[in-house]
1. Regarding the range B:82-90, can at least one residue be identified that is among the hydroxyl-bearing types (Ser, Thr, Tyr) and modelled with pLDDT of 95 or more?
2. Can you work out which of the residues in the range D:1-45 that are open to solvent by 40 Å² or more (accessible area, probe 1.4 Å) and under 17 Å from D:Ser63 (Cβ atoms) is modelled with the lowest pLDDT?
3. If you check D:Val66 against the conditions, is it β-branched (Val, Ile, Thr) and either farther than 22 Å from C:Val42 by Cα or more than 10 Å from chain C (Cβ to nearest Cβ) (or both)?
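The values are calculated or read from the model by the stated rules, or taken from the named source; none is laboratory data. Owing to the predicted nature of the structure, the values given are computational and were not obtained by experimental measurement. Reconstructed Cβ throughout: ideal geometry from the backbone, glycine too, with neighbour counts over all protein chains shown. Only protein heavy atoms, including side chains, enter the accessible area calculation; ligands, DNA and RNA are left aside. Shrake-Rupley method; radii C 1.70, N 1.55, O 1.52, S 1.80 Å.
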Number of protein chains: 4
Amino acid sequence: MSHARTNKDQLLARTRRIAGQVAAIERAIADEAGCAAILHQVAGVRGAIAGLMDELVADHLQSHIVAPGLSDADRAQGGDELLAVIRRYTK
Amino acid sequence: MSHARTNKDQLLARTRRIAGQVAAIERAIADEAGCAAILHQVAGVRGAIAGLMDELVADHLQSHIVAPGLSDADRAQGGDELLAVIRRYTK
Amino acid sequence: MSHARTNKDQLLARTRRIAGQVAAIERAIADEAGCAAILHQVAGVRGAIAGLMDELVADHLQSHIVAPGLSDADRAQGGDELLAVIRRYTK
Amino acid sequence: MSHARTNKDQLLARTRRIAGQVAAIERAIADEAGCAAILHQVAGVRGAIAGLMDELVADHLQSHIVAPGLSDADRAQGGDELLAVIRRYTK
């Protein structure tokens, strides 16, 4: 992911926010907070994970498939990798 | 979630595993690991979040809606809370 | 689903709209419409399916779990049925 | 989607199967079949929609982004179209 230098700080910031959300869920469970509130926290972190996935897919697509100058074989491999993860994600 | 005492340790363990997965994603991004590998890590944590959600839904359903001895009003409120989070989750 | 008489017409109308969306996708593929347009049609029908699922879950929850006067055994069975489908759906 | 001629029959067959599943759901609602059975039918059609989406994404990726001989501008446009639909789908 050396190509992602421009995006790296943003991806790290996103991931740290997700870590913070997960830590808050852990505290809520430990403190026996209300069920409904915890369920909404989990729905929130799921949305944040989807957002991270979107950014990583965009980054992969740009760097390994779309970018000018790649070889046909590079693009084919990048495409196969992308499809494998999309298939896993949409299951 | 005082009702969840029996499940509390299990829910905490699940949440800590998710925290570990998120920390591993953060390290992978920081270390500029391969895109495809990171995408699969994110797909993995998404599955773990779905598993946590399922457990919390089961717990809420049992404790606030199905459990014998609840009032009709309690069940109605528990049902409304569950639907709100399912609607958010399935969007 | 005899309980759903009040909702039955609405559920049928939703399902027929989905059938119409699927028929439109079939025509678009047959006519070799643009890829991106077809992908958005499929995303649209997926959202409509999620909406139908939400309505059916709400109906099942109300009629078989929350409704006053059910036996404890009825509620337990209704709850198990709901969890089974939620687990399948969130996978 | 003129490029999809090789896949067209397969995509049409998939879409027709989905149409059949939706028609079966409509009949089940009309006949007041059991809630739990209908919920599983809807979960099944959701899975089939996801499978159709995967095939269409694979087709779009190959034809408009990966294929040798495309211009840089073509690939950039194909990539933007793909991301737009993935962002919609993962929401």
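1. no
2. For the range D:1-45, the residue satisfying everything is D:Ser2.
3. yes
Per-residue answers, yes or no, for (1) surrounded by fewer than 19 Cβ atoms within 10 Å (Cβ to Cβ); (2) not in a helix (DSSP H, G or I):
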position	(1), (2)
A:Ala58	yes, no
A:Ile65	no, no
A:Gly69	yes, yes
A:Arg75	no, no
